[in-house]
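First comes the structure, then the notes that go with it.
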Amino acid sequence: NDPRRFGAMLLVPRAELAEAVLAIAEALLARDPSVAKPRAQEAACALAVARARDYLSTHYLDAVDSAALEAETGMDRFQLTRHFRRLYGTSPYRFVTMRRLDHARALISAGSGLAEVAAGSGFADQAHMTRHFRRAYGLTPGRYRAIRQAAA
């Protein structure tokens, strides 16, 4: 029952045996219609997710609800989240939060006050912005401002 012994009996190197088994498995999967999505459906999903990303990039300062994204993409929020994460490696919510944090960093660098930055970046309040800022960058907005001012 030792796999090395089995490979030795066939007089096939283990690497070649593994490649052959992998090729057989891939061929079987390719012929199974339940495994593969049709390419047209994948392309439609990718286009819908790209529309969602563009919409979120444009409206990141607004309160974006799932109904608006569903209308924009034709997908329900669960489908959209699943496909968005697969294509972009993050959720739509996290994508919007990161756009808001990018905007907040630009406003902080321009010298705006932190409460003003939070309000102008789509966060509920300064504490809300600080929590997300610290989670994303490992420092508070005040510390970020101090570092930017010291560098200037």
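Has the stretch 78-90 got any residue that is buried (at least 16 other Cβ atoms within 10 Å of the Cβ), modelled with pLDDT under 95 and hydroxyl-bearing (Ser, Thr, Tyr)? Yes.
Looking across the stretch 121-151, the residues that are closer than 20 Å to TYR93 by Cβ, touching a residue at least 12 places away in the same chain (Cβ under 8 Å), open to solvent by less than 60 Å² (accessible area, probe 1.4 Å) and out of contact with any Ser or Thr (no Cβ under 8 Å at 6 or more places or on another chain) come down to SER121, GLY122, PHE123. For ASP102, the test of being within 30 Å of ALA44 (Cβ to Cβ) and open to solvent by 80 Å² or more (accessible area, probe 1.4 Å) is failed.
Those helices (runs of 4 or more DSSP H) of the stretch 39-96 in which at least 3 residues are within 18 Å of PHE123 (Cα to Cα), considering only elements entirely within it, cover 39-58.
The values are calculated or read from the model by the stated rules, or taken from the named source; none is laboratory data. Every value quoted in this text rests on a predicted model; they were computed, and no experiment measured them. Because the Cβ atoms are built from the backbone with ideal geometry, glycine has one as well, and the counts that use them run over all protein chains shown. We work out accessible area using only protein heavy atoms, side chains counted, and drop any ligands, DNA or RNA first. Shrake-Rupley method; radii C 1.70, N 1.55, O 1.52, S 1.80 Å.
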